[in-house]
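Here is the structure we will look at.
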Amino acid sequence: MTEEIREKIADAQMVLVGIGKELEERFHGMEQDAGYVRLRAQAHEGEQRDVLEQYLRLAWLKDHPDERKKEAYEALAVLLSGKNCFVVTLCTDDAVFGAGLDEGRIVAPCGGFRKLQCANPQCPSLQEISAGQEAEIFSDSSLWEKPLEQLRQGAALSEMEFPRCPVCGHLLAFNQITTPGYLEKGYLPQWKKYQKWLQGTLNHRLCILELGAGMEYPSVIRFPFERVAFFNQKSELIRVHGRLYQMTAELKDRGTPIQADPVEFLLE
């Protein structure tokens, strides 16, 4: 990151950060791992295999941390220290949490590994949403810590005690966008907080920093960030992406396109 970019962020009254899929943790080598292959062979097709896959991914993230990305998030936390900021992330790996950022100023619309929901889209509790009721989100980490530890210790699938829905008895899955019947209520409280914060950015010196946000869910980061930058004449958009770094013509005078890997950008 150049000194000029650091100065832009330091000079801003408010900072909006968008984290895209280029910063998502990868699972290189997981499908060749002996433990992964063994457990997958024991799982039935359908909900059991889908939920097991989520647990395997979580275990892989914990056992194979990407130190460079961890350092990049820590560098971002230092960069934003003391700033009035908010972070929107599309990543479901939860790597942004625990890096030193203010977690009360982070929203993850695609979910992650911090909450559970029923994996059965036909569950009565999920169907009640249409009747004005709220389906349940489970935030107690003890629910998934035991099966995760059993998995990491090499237990057989039949020995593992996955949490189940108290309404229909189906397995609970992690509250992620890929889970059938994904419950958006898992992130909506933070989203409302973000929207309120965003309303307060108008007519303030706002620095908008996009990190690796391409065309995955562009209605969450890429397009809204461009609109915010367009309407706030005191704003500047810094777009960092390996391929899709281009800036719209309307923002060419208040936009800085940077073709770079966002991890390397933060660690420069």
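Here Arg38 passes the criteria (1) touching a Gly at 6+ places or on another chain (Cβ under 9 Å); (2) in contact (Cβ under 8 Å) with a residue 24 or more places away in the chain; (3) more than 28 Å from Leu244 (Cα to Cα) except the one numbered (2).
Checking each residue in the stretch 51-74 for being more than 28 Å from Arg164 (Cα to Cα) and either in contact (Cβ under 8 Å) with a residue 40 or more places away in the chain or under 17 Å from the mean Cα position of the chain (by Cα) (or both) picks out Pro65, Asp66, Arg68, Lys69, Lys70, Glu71, Ala72, Tyr73, Glu74. Counting only helices (runs of 4 or more DSSP H) wholly contained in the stretch 1-114, the ones carrying 2 or more residues that are open to solvent by 30 Å² or more (accessible area, probe 1.4 Å), in contact with a helix residue (DSSP H, G or I) (Cβ under 8 Å, 6 or more places away or on another chain) and of a type outside the set (Ser, Thr, Tyr) occupy 34-42, 47-63, 67-79.
Kindly evaluate Gly154 against the criterion of being open to solvent by 10 Å² or more (accessible area, probe 1.4 Å), in a loop (DSSP other than H, G, I, E, B) and in contact with a helix residue (DSSP H, G or I) (Cβ under 8 Å, 6 or more places away or on another chain). Yes, satisfied. Taken together, the residues in the stretch 160-194 that are farther than 24 Å from Leu58 by Cα, open to solvent by less than 60 Å² (accessible area, probe 1.4 Å) and modelled with pLDDT of 95 or more amount to 1. Can you find a residue in the stretch 184-198 that is closer than 30 Å to His44 by Cα and among the small types (Gly, Ala, Ser)? Looking for residues that are closer than 30 Å to His44 by Cα and among the small types (Gly, Ala, Ser), one finds at least one in the stretch 184-198, hence yes. Evaluating Pro147 against the criteria (1) open to solvent by 30 Å² or more (accessible area, probe 1.4 Å); (2) in a helix (DSSP H, G or I); (3) modelled with pLDDT of 90 or more leaves one unmet condition, (1). A residue that is at pLDDT 85 or above, within 19 Å of Arg40 (Cα to Cα) and of a type outside the set (D, E, K, R) can be found somewhere in the stretch 129-144.
The values are calculated or read from the model by the stated rules, or taken from the named source; none is laboratory data. Since the model is a prediction, treat every value here as computed from it, not as a measurement. FYI the Cβ positions are ideal-geometry reconstructions off the backbone, even for glycines, and counts take in every protein chain you see. Surface accessibility is based on the protein's heavy atoms, side chains included, excluding ligands, DNA and RNA. Shrake-Rupley method; radii C 1.70, N 1.55, O 1.52, S 1.80 Å.
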